[in-house]
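Student: Have a look at this one.
The values are calculated or read from the model by the stated rules, or taken from the named source; none is laboratory data. Keep in mind that this is a model prediction, so the values were computed, not measured. No Cβ is skipped: glycine too gets one built from the backbone with ideal geometry, and neighbour counts run over all protein chains shown. Keep in mind that these areas ignore ligands, DNA and RNA; they rest on the heavy atoms of the full protein, side chains included. Shrake-Rupley method; radii C 1.70, N 1.55, O 1.52, S 1.80 Å.
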Amino acid sequence: MLTIDLSGKRAFVAGVADDAGYGFAIAKALAQAGARVCVGTWPPALGIFQTLLRRGKMDDSLQLGDGGKLEFERILPLDAEYDVLDDAPPDVRDNKRYKDQGDFSIQGCSDRLRADFGESCLDIVVHSLANGAEVNREMLATTRRGYLGAVGVSAYSMVSLVARLGPLMRRGGAFLSLSYLASERVIPGYGGGMSSAKAALESDTRVLAWEAGRKWGHRVNCISAGPLASRAASAIGREGPSEAGEKGKSFIEQMVDYTRDNAPLRESLAAREVGAAGAFLCSPLASGISGCVIHVDKGYHAMGKAVATPVGS
Ligand code: NAD
């Protein structure tokens, strides 16, 4: 039987703060396949995440298919805006959500993993985070600061992760990031430079695959996922397109409905489907795949014309 076997492997998933997003779904699939999983969590979301875990509010989601329970080996504070702690300005370092966290930079995560588990301690790194302060603004209204901020947190952070965690990974390691179709097609409402950040992330996937492949033998891939009403996506606002009677729905609700109605496969994408694809791409079964952006979106990316026949009709 051909199975995804990640036993003996350790993964670090950056961008998990609840059980609703793609990072959690990938972490769960990796654990289901036998990997030990550490996560990196944005300091402003860390307290509530730890409280939810402690109070058992996520116990159902943490349940694994074999009767086991997903236990995170480490939950590290991570603000992917900063490569080293000195990059963080004093108001961030003094902020109550940051000041007792130690080194929350990308280098800080790398140092903690090395201190706790030694050299050559990692096999899989997943980048499942994005942030754009001006995501609700159209591109023509986006400031330089907002645009560069979105690209820095959402795309450069992947470059930094590969550079700083690559040396900690055993040969044949796998990196994975998450993109969205707005990198290649116009998605009105996904603004503030976020579409540019995703385009950069996808382009960087190819260059990083080349460099990390030659340097360490690691693979680098990206999943372009369909829309999901995660916490991050639900913050995108209610100012999206509203011509087709879509008023009152948030951007992400509109995109979930629209994609389901127009995709070849006529049901909404589930996070676990992205989790399964992620586990495959990070497994030895995908040892021949690197530098790829793979659509996991029920086939929606292949469409060139909206059919607009609602599901059920
Ligand atoms: P999510 O809320 O589960 O994940 C986003 C995470 O990013 C959160 O945990 C948040 O705390 C973290 N984050 C924000 N700023 C950060 C920072 N500076 N440092 C570290 N972490 C930070 O939501 P999601 O939608 O599952 O997003 C995960 C990835 O999937 C993102 O790259 C997103 O763009 C991508 N994606 C999402 C969709 C969608 O429709 N939800 C579609 C395609 C791709």
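Student: Somewhere in region 174-185, is a residue under 24 Å from Ser110 (Cβ atoms) and away from the ligand (no atom under 12 Å from the Cβ)?
Tutor: Taking every residue of region 174-185 in turn, at least one turns out to be under 24 Å from Ser110 (Cβ atoms) and away from the ligand (no atom under 12 Å from the Cβ).
Student: A further question follows. Being part of a helix (DSSP H, G or I) and surrounded by 13 or more Cβ atoms within 10 Å (Cβ to Cβ) is the filter here; which residues of region 49-58 pass it? Outline the logic, then answer.
Tutor: Keep residues of region 49-58 that are part of a helix (DSSP H, G or I), which gives 49-54.
Once the filter is applied, which keeps residues that are part of a helix (DSSP H, G or I) and surrounded by 13 or more Cβ atoms within 10 Å (Cβ to Cβ), region 49-58 yields Phe49, Gln50, Leu52, Leu53.
Student: Let me confirm something: among Leu52, Leu70, Leu64, Leu30, which residue is farther than 26 Å from Val151 by Cβ, within 17 Å of the chain's Cα centre (by Cα) and more than 9 Å from the ligand (Cβ to nearest atom)? Break it down stepwise before answering.
Tutor: Working: Leu52 fails: within 17 Å of the chain's Cα centre (by Cα); Leu70 fails: within 17 Å of the chain's Cα centre (by Cα); Leu64 fails: within 17 Å of the chain's Cα centre (by Cα).
Answer to the selection: Leu30.
Student: Sticking with this structure for a sec: Taking only pairs six or more apart or across chains, which ones have beta-carbon atoms under 8 Å, a first residue in region 266-285 that is outside any helix (DSSP H, G or I), and a second residue that is surrounded by fewer than 17 Cβ atoms within 10 Å (Cβ to Cβ)?
Tutor: Arg266/Val311; Glu267/Val311; Ser283/Asp5
Student: Right, another one. Would you be able to say whether some residue in region 161-170 is within 10 Å of the ligand (Cβ to nearest atom) and crowded, with 19+ Cβ neighbours inside 10 Å? If you could, list the steps in order and put the result at the bottom.
Tutor: Going through region 161-170, the residues within 10 Å of the ligand (Cβ to nearest atom) turn out to be none.
So far as region 161-170 goes, no, none of its residues is within 10 Å of the ligand (Cβ to nearest atom) and crowded, with 19+ Cβ neighbours inside 10 Å.
Student: Condition first: within 16 Å of the ligand (Cβ to nearest atom) and open to solvent by 70 Å² or more (accessible area, probe 1.4 Å). Now tell me which residues in region 110-135 satisfy that.
Tutor: If the condition is that a residue be within 16 Å of the ligand (Cβ to nearest atom) and open to solvent by 70 Å² or more (accessible area, probe 1.4 Å), then Arg112, Ala133 are the ones that fit.
Student: Can you tell me which residue in region 83-107 is nearest to Ile48 (Cα to Cα), limited to those that are in a helix (DSSP H, G or I) and among the charged types (D, E, K, R)? Outline the logic, then answer.
Tutor: Restricting attention to region 83-107, the residues satisfying the condition of being in a helix (DSSP H, G or I) are 85-87, 90-93, 106-107.
Now narrow it down to the ones that are among the charged types (D, E, K, R): 86-87, 91, 93.
Values: Asp86: 26, Asp87: 25, Asp91: 21, Arg93: 19 Å.
Across region 83-107, the extreme among qualifying residues is Arg93.
Student: Scanning for something open to solvent by 30 Å² or more (accessible area, probe 1.4 Å) and more than 25 Å from Ile48 (Cβ to Cβ), does region 66-81 turn up at least one residue?
Tutor: The answer is yes, given that some residue of region 66-81 is open to solvent by 30 Å² or more (accessible area, probe 1.4 Å) and more than 25 Å from Ile48 (Cβ to Cβ).
Student: Restricting to region 184-199, name every residue that is hydrophobic (A, V, I, L, M, F, W, C) and either open to solvent by 30 Å² or more (accessible area, probe 1.4 Å) or modelled with pLDDT under 95 (or both).
Tutor: Those that are hydrophobic (A, V, I, L, M, F, W, C) and either open to solvent by 30 Å² or more (accessible area, probe 1.4 Å) or modelled with pLDDT under 95 (or both): Val186, Ala199.
Student: Within region 256-264, is there a residue that is open to solvent by 20 Å² or more (accessible area, probe 1.4 Å), in a loop (DSSP other than H, G, I, E, B) and modelled with pLDDT under 95?
Tutor: Within region 256-264 (the criterion being open to solvent by 20 Å² or more (accessible area, probe 1.4 Å), in a loop (DSSP other than H, G, I, E, B) and modelled with pLDDT under 95), the answer is no, since none of the residues qualifies.
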